[in-house]
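The structure appears right after this line, and notes come after that.
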Amino acid sequence: MSRRRFLGHATGALLALPLGNIRASQTTPPATSDFQFDPSWPSLSADRYPEPCQISGVAVAPEGEVLVLNRGENSWNPDKGFAGFQKKRIQKPAVLVLDPHSGSLLRTWGSDRFVMPHQIFVEPAGRVWIADCGQDKLFCFDLSGNLLRELGGTRFGFQMPTDMASLSDGRLVVSDGYVNARLLWVEPDGKISRSLGTRGSRPLQFKTPHSVTVDSEDRIYVADRENHRIQVLSAEGKFLGMWENVERPLAVRFQGESVYVLSNLEAHRGVVRQLNRKGELETVCPTQPQGAEGDFSWPHGLAVSADGASLYVGYTLRARRVQRFARTRKTAPEGKASEPVSNGL
């Protein structure tokens, strides 16, 4: 598939199946992106960040700092499947904390803790969760990197968990994705209250649930990667609908009133879609900047600033970088023109 054909298809209308509060929706895609690549961000000096590494996840802390999850000296070669990475702990700091404005490195933490960190998520209260599919565990830290708790072992039965998100009552929803193809609900006291999902293509079945997020009304959005769709569930796991034709979604994040989906079909052909909660397309952001120099292959991690003005995309494999895309136009309500925004570029 050519790049032009992919991006044309990627910006096309999505299908939302009409169940529960999710309505069928087809929209005309915007002609241009509302985001612009920021080549000045990040600003990482060679003495503090001497070599690139696989960036598997990105998150934004309550005060705006950007947490970048990386695999240090370890890496995952997907051609070798589950045997494609070393089973040893990463000695380099796995979390880089960057200034959201300058992109400079503020601090690091997470040395000698992870094997194959996959995704990172920050709760509104500031607790940081990291899924390590190399150890079949979830880890919880404070914003300074102090370990608060870990979840794993035979009681949980994780097999390469991929991501997590929190409901308003404090429960954690975990996508236990690579092997088990399920979701788990974990109570604040650490007990499992619900397990849902089997491998397949029907509703509430998954083929690699790769990422999960929760909106302000406790709807759950699951990036069902190999089924090329987003499944939408209630807080208790009731199927509400699905959005199809999203080409291998790797990360899904909720911010403001929008759901952001990072898709990657192959190599450099990636795109972030901003959707409303009906599944209607608001704007897109190709992750390969037009005319930009360098490698932007295999986007994997996604975060959105609290004001929606910045997208942060982490790249794995050859690219091994994190980049900012700044909003240049504010997405307008239906029927109104978009408004330009000031972003310092």
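The values are calculated or read from the model by the stated rules, or taken from the named source; none is laboratory data. Keep in mind that this is a model prediction, so the values were computed, not measured. Cβ placement follows ideal geometry from the backbone for every residue including glycine, while neighbour counts extend to all protein chains displayed. Calculation scope for accessible area: heavy atoms of the full protein, side chains included, ligands and nucleic acids excluded. Shrake-Rupley method; radii C 1.70, N 1.55, O 1.52, S 1.80 Å.
Summing Lys, Arg as +1 and Asp, Glu as -1, what charge do residues with Cβ under 13 Å from the Cβ of Q323 carry, Q323 excluded? Mind dumping the intermediate values first?
Working: positive: R320, R321, R324; negative: D38, E293, D295.
Surrounding charge for Q323 is 0.
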- Message: I'd like the accessible area for I192, computed on protein heavy atoms only with a 1.4 Å probe and all protein chains in place. Round to 10 Å², please.
- Response: 60 Å²
- Note on the structure: Under 14 Å by backbone N from the virtual spin label 7 Å along Cα-to-Cβ at S111, the residues of the range 67-102 are 72-73, 90-96
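Could you tell me the ratio Rg/Rh of the range 46-107? Both radii from Cα atoms, Rh via Kirkwood.
On the way: Rg = 13.4 Å, Rh = 12.9 Å.
With Rg and the Kirkwood Rh in hand, the quotient comes to 1.04.
Could you give the length gained by full extension between L148 and S193, i.e. 0.36 nm per residue of separation minus their alpha carbon distance, to one decimal place?
Stretched out fully, the L148 to S193 stretch lengthens by 14.1 nm.
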- Query: So which residue, out of R229, R273, R107, gets the largest mean-square fluctuation from a GNM of the chain using Cα contacts under 10 Å as springs?
  - Reply: R107
- Item | Amide H within-cut-off set for R199, under 5 Å, with H built and near neighbours excluded | F206
- Projected convex hull area of the chain, Cα atoms, direction-averaged, in nm², equals 16.2 nm²
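For the range 184-232, which semi-axes, largest first and in whole Å, follow from the square roots of 5 times the eigenvalues of its Cα gyration tensor?
On the way: eigenvalues 83, 39, 14 Å².
Calculated on Cα positions only, the semi-axes equal 20, 14, 8 Å.
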- Query: Counting only the heavy atoms of the protein chains, how much of R155 is accessible to a 1.4 Å probe, in Å² to the nearest 10?
  - Reply: 150 Å²
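Using a Förster distance of 30 Å, how high is the FRET efficiency between E293 and H101, based on the Cβ-Cβ distance and rounded to 0.05?
Values: r = 23 Å, r/R0 = 0.77.
So the FRET efficiency works out to roughly 0.80.
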- One finds, for K87 and S40 with R0 = 45 angstrom and r their Cβ-Cβ distance, a FRET efficiency to the nearest 0.05 of 0.75
